[in-house]
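To keep things clear, I will list the structure first and then write my remarks on it.
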Amino acid sequence: MKCRVCGQPASINLRSYKTALCDSDFLSFFEKRVRTTIEKYRLITEGDIPIVAVSGGKDSLSLWYLMNKLGIECDGVYIDLGIEGYSDTSLDKIKKVADALKRKVYVFRIRSVLDKGIDGLARAMKRVPCSACGMIKRYIMNRICMDKGYNVLVTGHNLDDEASALFGNVLYWKKEYLWKKDIVLEAKEGHLSKKVKPLFLCSERESAAYAIMSDIDYVYEECPFSMNAKSIIYKGMLNTLEESSPGTKLMFVKGYLRALKDMGSAGETTREEARETKYCVNCGYPTYGEKCSFCWALEKFGLHCSLKFDEYGSYSIDSERAVMT
Amino acid sequence: MKVEWDGKSYEFAKPMLVARLLEELSLNREAHLVVANNKLVTEDYRLEVHDDVKVIRVISGG
């Protein structure tokens with residue numbers, strides 16, 4: 001198979017785009033695609049100070065590397081879940097990228113701050129680890145933006161993540177979650193940072209290929225708590241469909257975005273949107289109750305959290321400098 | 001050829017296409033990438049007996 005651009009041997013076949021590309025042309029293709037997404041959906045604009053949520057996996061590390069390569073300078077934040085043999089390895093990979101990029105990474109260590117690893121916290125909260133992890137990560141990552149002056153939280157959610165979540169929401173008709181997914185979630189001033197997903201339309205296969213071709217050393221192993229996660233089962237099913245009908249995942253997610261846009265322009269609101277948003281009396285985080293889930297959990301289990309972040313890397317972003325080139 | 005996959009090592013005595021290797025291991029080509037001698041290769045690439053091959057799963061949870 002030859003590269004459709006230069007005729008050299010291809011490294012990757014992109015059947016959903018009916019093309020095949022060599023290393024160099026794939027890197028350009030992927031970077032252009034992410035840049036176009038950032039610009040088209042106005043994910044990051046001049047004057048923004050973004051921070052990337054990094055996990056040590058292919059998506060977040062590729063994204064962190066790529067954004068800095070595109071001239072969008074950004075630091076990283078890592079939440080150490082306290083998983084033996086996994087969290088430390090992830091942090092080592094993140095530090096390597098931080099060194100290469102000359103960027104800072106903030107590290108929040110759940111075990112040292114909350115006195116338990118994610119498995120212990122999940123047990124105490126009577127939640128499955130993925131649910132507890134999601135709740136804690138969303139909270140902590142928002143707090144670092146609020147506390148350290150970053151106004152955009154960038155995450156590595158990819159096409160497969162979005163397609164599988166959408167698939168699960170449709171399969172079980174979870175209307176309360178169905179229309180919440182988007183490429184950009186706008187800020188609530190003083191309470192919630194803007195959240196953006198530049199890899200929304202890029203597949204996992206593409207982001208893994210980008211990491212490999214860019215020599216990014218990422219964690220290949222799966223989080224031990226996500227082994228039987230439904231999202232992985234859905235991804236497998238969607239990839240079976242994708243194999244027989246290339247482009248299915250992209251059509252599914254793009255179709256959703258069109259429906260979401262149509263719904264917005266028709267002035268329709270979901271039941272969730274119609275509910276009045278309140279703010280946690282302790283910390284100001286958006287909630288539907290008096291206290292947010294994080295503060296509620298801390299109080300219930302007698303935990304105290306100072307939200308202390310370690311910092312790795314001596315570099316910091318210059319807030320006076322425009323981040324887009 | 002030596003093929004590394006999912007923490008295990010497999011030996012294949014004859015050359016074969018990448019597509020065939022994925023079939024032999026019952027793997028979906030949308031969910032896996034194949035690296036031969038440290039370079040990504042497409043499914044029509046012919047793997048030779050002396051190639052050092054690694055299959056990478058691209059699906060992650062969360």
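The values are calculated or read from the model by the stated rules, or taken from the named source; none is laboratory data. Keep in mind the model is a prediction, meaning the values are calculated, not measured. With ideal geometry, Cβ positions are generated from the backbone for all residues, glycine too; neighbour counts draw on all protein chains shown.
Quick grid of which residues meet (1) in contact (Cβ under 8 Å) with a residue 40 or more places away in the chain; (2) not hydroxyl-bearing (Ser, Thr, Tyr):
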| residue | (1), (2) |
| --- | --- |
| A:118 | yes, yes |
| A:134 | no, yes |
| A:146 | yes, yes |
| A:158 | yes, yes |
| A:172 | no, no |
| A:181 | yes, yes |
Pick from A:100, A:124, A:132: which is part of a helix (DSSP H, G or I) and buried (at least 22 other Cβ atoms within 10 Å of the Cβ)? A:132
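Each row is one residue, and each column tells you yes or no for (1) acidic (Asp, Glu); (2) surrounded by fewer than 13 Cβ atoms within 10 Å (Cβ to Cβ); (3) over 30 Å from residue A:201 (Cβ atoms); (4) modelled with pLDDT of 70 or more.
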| position | (1), (2), (3), (4) |
| --- | --- |
| A:248 | no, no, no, yes |
| A:258 | no, yes, no, yes |
| A:276 | yes, yes, yes, no |
| A:284 | no, no, yes, yes |
| A:321 | no, yes, no, no |
In the range A:62-85, what residues are assigned to a helix (DSSP H, G or I) and over 13 Å from residue A:31 (Cβ atoms)? A:64
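Looking only at residues that are away from chain A (no Cβ under 14 Å) and touching a residue at least 40 places away in the same chain (Cβ under 8 Å) in the range B:1-46, which one is surrounded by the most Cβ atoms within 10 Å (Cβ to Cβ)? It would help to see each step written out before you state the result.
Keep residues of the range B:1-46 that are away from chain A (no Cβ under 14 Å), which gives B:1-3, B:9-16, B:20-21, B:24-25.
Of the ones still in play, those that are also touching a residue at least 40 places away in the same chain (Cβ under 8 Å) are B:1-3.
Working: B:1: 18, B:2: 13, B:3: 20.
Among residues in the range B:1-46 that are away from chain A (no Cβ under 14 Å) and touching a residue at least 40 places away in the same chain (Cβ under 8 Å), the one surrounded by the most Cβ atoms within 10 Å (Cβ to Cβ) is B:3.
Here's the yes/no breakdown for (1) at pLDDT 95 or above; (2) hydroxyl-bearing (Ser, Thr, Tyr); (3) touching a helix residue (DSSP H, G or I) at 6+ places or on another chain (Cβ under 8 Å):
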{"position": "A:139", "(1), (2), (3)": "no, yes, yes"}
{"position": "A:146", "(1), (2), (3)": "no, no, no"}
{"position": "A:154", "(1), (2), (3)": "yes, no, yes"}
{"position": "A:182", "(1), (2), (3)": "no, no, yes"}
{"position": "A:189", "(1), (2), (3)": "no, no, no"}
{"position": "A:208", "(1), (2), (3)": "yes, no, yes"}
{"position": "A:213", "(1), (2), (3)": "yes, no, yes"}
{"position": "A:220", "(1), (2), (3)": "no, yes, no"}
{"position": "A:228", "(1), (2), (3)": "no, no, no"}
Residue match in the range A:159-174 (condition: closer than 26 Å to residue A:26 by Cα, more than 14 Å from every other protein chain (Cβ to nearest Cβ) and surrounded by fewer than 23 Cβ atoms within 10 Å (Cβ to Cβ)): no
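With respect to residue A:110, is the statement that it is at pLDDT below 95, buried (at least 18 other Cβ atoms within 10 Å of the Cβ) and within 13 Å of chain B (Cβ to nearest Cβ) true? Give the steps one after another, and end with the answer.
Details: at pLDDT below 95: yes; buried (at least 18 other Cβ atoms within 10 Å of the Cβ): yes; within 13 Å of chain B (Cβ to nearest Cβ): no.
So residue A:110 does not fit the description; no.
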Within the range A:194-206, how many residues turn out to be farther than 20 Å from residue A:39 by Cβ and more than 14 Å from every other protein chain (Cβ to nearest Cβ)? 0
Do we have any residue at all in the range A:191-207 that's surrounded by fewer than 19 Cβ atoms within 10 Å (Cβ to Cβ) and closer than 25 Å to residue A:64 by Cα? yes
Given (1) within 12 Å of chain B (Cβ to nearest Cβ); (2) on the phi > 0 side of the Ramachandran plot; (3) in contact (Cβ under 8 Å) with a residue 40 or more places away in the chain, number of the condition residue A:215 does not satisfy: (3)
Going through the range A:108-131 one residue at a time, which ones are hydrophobic (A, V, I, L, M, F, W, C) and over 16 Å from the mean Cα position of the chain (by Cα)? A:108, A:110, A:113, A:114, A:118, A:121, A:122, A:124, A:125, A:128
Quick one: how many residues across the range A:19-61 are away from chain B (no Cβ under 14 Å), within 27 Å of residue B:31 (Cβ to Cβ) and assigned to a strand (DSSP E or B)? 1
Which pairs do you get when a residue that is facing chain B (nearest Cβ under 7 Å), found in the range A:221-232, comes within reach of a residue that is assigned to a loop (DSSP other than H, G, I, E, B) and among the β-branched types (Val, Ile, Thr), reach meaning Cβ atoms under 9 angstrom, with the pair 6+ apart or on two chains? A:222/B:59; A:223/A:83; A:229/A:128; A:232/B:59
